[in-house]
Amino acid sequence: MKPFFLFIGTTLSESSTSQLKAAGIPYRQKMLESGPDNWREIIRILELPNLAGVVMKLTNPVYRLLARPDRRDLAEQVLMATARVRHITFVHESTLEAEMRSRNPEGNDQEPESAESPEPPPWHALEPDDPWRSVDDSLDGENGSFAYHPGRFTFELPQPETLIFVGDLIRKCALNLVPYKRNAELSVMARSFIDQADKHLLFRVYIPEGRLWANESDKLFSLFRDWLTRVKRQRVRQDGYSTGHGRVYEFYAESPGVWSTLGQEFSEFSSFLSLCAQEPEAATRALEARHIDSRSVVQIVERYSKEARRLRVDIKHDLESKVLSIRHQLESELLDAGVSEEDIGRLANAVVPRFDGLSSAINSALGGESTMGRPEVVNVNVSQQVIGTVNGLAVQHFQGTSKFGTEAKEILALIEAHAGSRTEELVSSLHELEDDDARAEDRLTAKQRLKNFLYYVGGQAGNLGTSLLQKYLELRLGLGGGS
């Protein structure tokens, strides 16, 4: 069966359809402003094995419909089915800002901004003869067009309880939610998503210059691709580009099957590389169990053992270099504060990750969650200001944030405090946004992901001051704060 894309809602743009038509890729459009039977049909389509990707837009009328008591079970099924496939979900910034303020009504003295795109007429109960039921027909990319009501309509925000219910449902289903402010932004991000989904993007990550073991990442990614192709027999292509401030790594598969098991693949690769460094004979037996021919087994183990030993040395040297650099900076900043050289050395060592093995170092080098140990907390009689200086230097040296300004550091602190499992994804987005030489469409998507996170923090943590950081994100991309 030929792969196809599904557009849910009014996300269908000329740029998207032109892109798909040029590539000969079919697509369908379905509307959520419709009856329960059409929702069940959407779920059926979402479960088709040849579905390449989903672009969904949730408007205010859809919010109201998702929150209706008689639709809530079906609404969760639709969103859960969407979350299980490769997708992107767009919601207007005004709606997310209204949700944030609905969760924290105190101090709400700002009027929501108007949306650029026309909205459907004010929503009313969907009766069997409702004229909006006529929009639930699916369209393929070759014929037909969606007969939308012309003109501009008042941007009527849903009630606070509706906003909160749908917001909680979106997070429960773990939708890939990206806010937008202008239709042009939505079009660019949708086109980028379609391009990546069509090429079967496995993952992409931005590694900033200066991050601990950033120099070793290139070798690790090369070995990982070799592992996927030679050992796991997956046809994978590595791509990306470099700037003066970092490097973007992208992996693409020939088919979408690898995408769902990538985490497991990387875990196996890390373990195998460590095995090659410590027990080459065991690594050989592990490959033989996969029925790989003996000549290839010898070549793979010899190469990986050599590279693993080299990586261990390089990682150790990089760590020692970071410690020395931190110590020198601390000496120049803290000696005048009365901190002894002995205590400075102990403080520097206390913030440095302990090298417990190649697997944990690989995770950290590639931007994943580090499992590296830390030395025991040392008892040094210094002020909190000194501790802040030490921790700040450690972050700059280990995360590559030495060029971050005040606002970027504030966003980074919020990410580390509230992002949970999405921490590394958002940290990567922040680095990419701060790199003026990164691709424009990638920086736009990074900005919008960060804005969505700030809306979440503002609502869940009661931090309404995040609006200033959101304005910083707009200015950082050179778009200004206007509509």
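Structure summary
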| read-out | value |
| --- | --- |
| Hydrodynamic radius (Kirkwood) for segment 198-329, which is based on Cα pairs only, to one decimal in Å | 16.2 |
| Residues listed by number, segment 194-218, amide nitrogen under 19 Å from LYS2 label point at 7 Å toward C-beta | 194-195, 197-200 |
| 31 Å Cα-Cα threshold exceeded, pairs from LYS172/LYS322; LYS2/LYS57; LYS181/LYS232; LYS30/LYS199 | LYS172/LYS322; LYS181/LYS232 |
| R0 of 41 Å, Cβ-Cβ distance GLU14-ARG235: FRET efficiency to nearest 0.05 | 0.80 |
| Theoretical FRET efficiency, 1/(1+(r/R0)^6), r = Cβ-Cβ of SER340 and ILE43, R0 51 Å, to 0.05 | 0.15 |
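A short reminder: the numbers here are calculations on the coordinates, not readings from a lab. Since this is a predicted model, take the numbers as computed values, not measurements. Heads up, the Cβs are rebuilt from the backbone with ideal geometry, glycines too, and the neighbour counts pull from every protein chain shown.
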